[in-house]
Amino acid sequence: MNRSISLIVKILLPGSLIPLACSLFSAPVTPASTPIPAVQDLQFEDPQTGQRFQALEACIQNMLDDSWQGTGYQMLGNFYESAWCRGVGSNANCSMPGEFNIRPDQQVIQLYTLFYPQDFPEVFGLGFQAAYVPPDDGWGASFYFAEDGKTVMGGGLAVTFHQNAGAGLYPDATLSLGDDYSYRIGENTVEFSSSLSPREDLAKYFSSPEAMRDRGLEGIGALAQTVEAEIRSGNVPACDLQPYQGNGIPPACIPRPMTEGEMAQELARAKEHFDSQEQILREAHEEMYAAWMAAFPLNQCWPA
């Protein structure tokens, strides 16, 4: 069984899959001489969002010791944000580990809120990311959460687990959970989304290892049923790729109905994929959950 197949979680980040990227590479919108307001000087449009932001900031500060480095709060694009990291594998700017470049021994935390330049220091929304990669063999985790981003940032929830049996840069197995699942069939994407808000879903996932396992199995199972139904209904076309014309442009795809043989092949491939994902989650959910809490102790610090 191919244990390296990953279940992709679709999140609303430009040019990104999880592991996650946010705005730490955006261009500043304020002159370098403009002072960066302190956290306590921000004016949150929604007081409850402000309380949650302040609670997370306080929790992060309580975690910090001499082993951590940080960027300090910055105004980048529409983001007011800061990042903290530690470990020999972390980057100098505390960026999140890449999808297929996961250096061992790093922990990263990123916290942000959003603003429109004409309204600053009024801010809105909350975004949070955290990642943990162990120094040796074992499971690591990358986590993303965002809400109330208006026109700037889509909301969502995703946690991706990666196992590095040889402590190398490329994971030996991956599995992703969240509030929005998707599965690729050729040039097509089949999706399943949770009916809960990201915050409601998150509360179900992190309450315990068993709760994370059960909620994850629900999501994987729901997507598996959706994929099977879409294939059997004929809603997912096959693709006849046209000759490559050069210039780095992908060949054109001419859609057509699947043959019975292609349909059977896709059903078998999907079954293998989802069976593999369910098996990994059942066998390793306790280790995965521990890695997630090592990235950030949600079970102790997450504001309701």
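Key figures for this structure:
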item	result
Residue match in the stretch 133-145 (condition: within 23 Å of Leu196 (Cβ to Cβ), among the charged types (D, E, K, R) and not in a strand (DSSP E or B))	no
The stretch 129-148 residues that are within 17 Å of Ser95 (Cβ to Cβ), paired with ones that are charged (D, E, K, R) and assigned to a strand (DSSP E or B) (beta carbon under 8 Å, 6 or more apart)	none
Candidate set: the stretch 129-180, residues that are in contact with a Lys or Arg (Cβ under 9 Å, 6 or more places away or on another chain), aliphatic (A, V, I, L, M) and surrounded by fewer than 21 Cβ atoms within 10 Å (Cβ to Cβ); chosen: the one farthest from Tyr112 (Cα to Cα)	Ala173
Criterion violated by Pro117 - all others in (1) farther than 30 Å from Met258 by Cβ; (2) touching a residue at least 40 places away in the same chain (Cβ under 8 Å); (3) part of a strand (DSSP E or B) satisfied	(3)
Candidates Glu218, Glu228, Glu262, Glu272, filtered to the one that is within 30 Å of Ala130 (Cβ to Cβ), at pLDDT 95 or above and of a type in the set (Asp, Glu)	Glu218
Residue pairs meeting the criteria (Cβ under 8 Å; at least 6 apart or on separate chains; first within 18 Å of Asp136 (Cβ to Cβ), in the stretch 288-304; second surrounded by fewer than 18 Cβ atoms within 10 Å (Cβ to Cβ) and at pLDDT 95 or above)	Met288/Pro209; Ala290/Pro209
Number of positions in the stretch 171-218 that are touching an Asp or Glu at 6+ places or on another chain (Cβ under 8 Å) and acidic (Asp, Glu)	4
Unmet criterion (only one of (1) crowded, with 16+ Cβ neighbours inside 10 Å; (2) closer than 30 Å to Pro303 by Cα) for Tyr183	(2)
Conditions (1) farther than 21 Å from Phe161 by Cβ; (2) assigned to a loop (DSSP other than H, G, I, E, B): number failed by Met96	(1)
Single unsatisfied condition, Leu175 versus (1) in contact (Cβ under 8 Å) with a residue 60 or more places away in the chain; (2) assigned to a loop (DSSP other than H, G, I, E, B); (3) not charged (D, E, K, R)	(2)
Residue identified as out of contact with any Ser or Thr (no Cβ under 8 Å at 6 or more places or on another chain) and over 23 Å from Trp302 (Cα atoms) among Ser208, Ser233	Ser233
Test for Asp201: is it of a type outside the set (S, T, N, Q), assigned to a helix (DSSP H, G or I) and in contact (Cβ under 8 Å) with a residue 12 or more places away in the chain	yes
Among (1) crowded, with 22+ Cβ neighbours inside 10 Å; (2) more than 24 Å from Ala290 (Cβ to Cβ); (3) out of contact with any Lys or Arg (no Cβ under 7 Å at 6 or more places or on another chain), the one test that Leu126 misses	(3)
Residue in the stretch 253-266 that is part of a helix (DSSP H, G or I) and within 22 Å of the chain's Cα centre (by Cα) present	no
Condition check for Pro104: surrounded by fewer than 24 Cβ atoms within 10 Å (Cβ to Cβ) and farther than 21 Å from Phe206 by Cα	yes
Residues located in the stretch 236-251, provided they are surrounded by 11 or more Cβ atoms within 10 Å (Cβ to Cβ) and either free of Cβ contacts under 8 Å to residues at least 12 places away in the same chain or over 17 Å from Gly186 (Cβ atoms) (or both)	Tyr244, Pro251
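The values are calculated or read from the model by the stated rules, or taken from the named source; none is laboratory data. Predicted model, so just to flag it, every value in this text is computed and none were measured. Positions of Cβ are backbone-derived with ideal geometry, glycine not excepted, and every protein chain shown enters the neighbour counts.
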